[in-house]
1. Which value in nm describes the separation of the simple spin-label points at residue 284 and residue 214, placed 7 Å from the Cα toward the beta carbon?
2. When 1/r is averaged over all different Cα pairs and the result inverted, which Kirkwood radius in Å belongs to the chain?
3. Please report the relative contact order for the range 10-90, taking Cα pairs under 8 Å with a sequence separation of at least 6, and give it as a percent rounded to a whole number.
4. Going by C-beta contacts inside 10 Å, put 191, 251, 243, 55 in order with the fewest on the left.
5. What per residue convex hull volume, in Å³, do the alpha-carbon atoms of the range 165-287 yield?
6. Starting from the Kirkwood radius over alpha-carbon pairs of the range 219-307, derive D by Stokes-Einstein at 25 °C in a medium of 0.890 mPa s and give it in µm² s⁻¹.
7. Any idea what % of Cα-Cα pairs in the range 1-96 are farther than 19 Å?
8. Once the range 100-214 is represented by equal point scatterers at the alpha-carbon sites, with solvent omitted, what log10 I(q)/I(0) does the Debye formula produce at q = 0.15, 0.18, 0.20 Å⁻¹?
Ligand code: GLU
């Protein structure tokens, strides 16, 4: 990353630049428990592969990780069964919202990619083959990678399970096509609990470091993903990580990234650093408005875009 100024100075500039973007979005309200979050929070953390860390604002406040967990669940599934994952789910951008149903029926219950909800449900189904609680597996994986003890927010999990009507429809459709092998309700429960994992920006940036460091976690001091898999995970983030706004996100930010409706966004600068940003107000694609603006400014100031 080239900017001539320190990461701390870049973050201070980013904070000033994003201020006008508050109030342009709304926190997710289709999961009632998320609607109550104070919308004007903002945190950002950067971890470099060389061991530097910088953070600003609410970077230590735990937030609902939501779909960002899908990346780590996918990594676990790929480590477990390798390319067999791709017999269950595709690798193409969906061009549709994260919980879109009819595309799935047209495509015989095979989800377009592992980051839309249908794809994440397929990944949960794969993990259920080997563990009774994929949610705890993902929580502990993230905990190990960030050297911290992470929690599942039980109130958020309950709220999401109670209102997961569209996700239930998706799971039942896939069960009908035979692309889910476990009971749809068991998959929904594990998926919703996984989404309810809470994590702070600092913990998330640390946990994602293998994606920037060729698969190696400097925190856990071990290789987490083979180098080729790391590149492929970044390719999927770049092409599918922000749903039906993935093209404009790549245009603006130019980094592999995963959004979550809790307002978090994780971005990777391959070979260099990870960036986690959080601010709860979302655009209509489920991406944090202030978070995306912060990443756009960061990428411009540091010239770190991969494109
Ligand atoms: N738990 C959310 C859902 O299933 C995840 C969506 C997201 O974070 O993008 O609707």
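Here, each number is a calculation from the coordinates, and none is a lab measurement. Note that the structure is predicted; figures quoted are calculated from it, not measured. All Cβ positions, even for glycine, are placed from backbone atoms using ideal geometry, and neighbour counts span all protein chains on display.
1. Between residue 284 and residue 214, the label points sit 4.4 nm apart.
2. 18.8 Å
3. Value for the range 10-90: 19 percent.
4. Ranking 191, 251, 243, 55 by Cβ neighbours within 10 Å, fewest first, gives 251, 55, 243, 191.
5. 138 Å³
6. It comes out at roughly 186 µm²/s.
7. 64 percent
8. So the normalised log intensities work out to -0.69, -0.92, -1.06.
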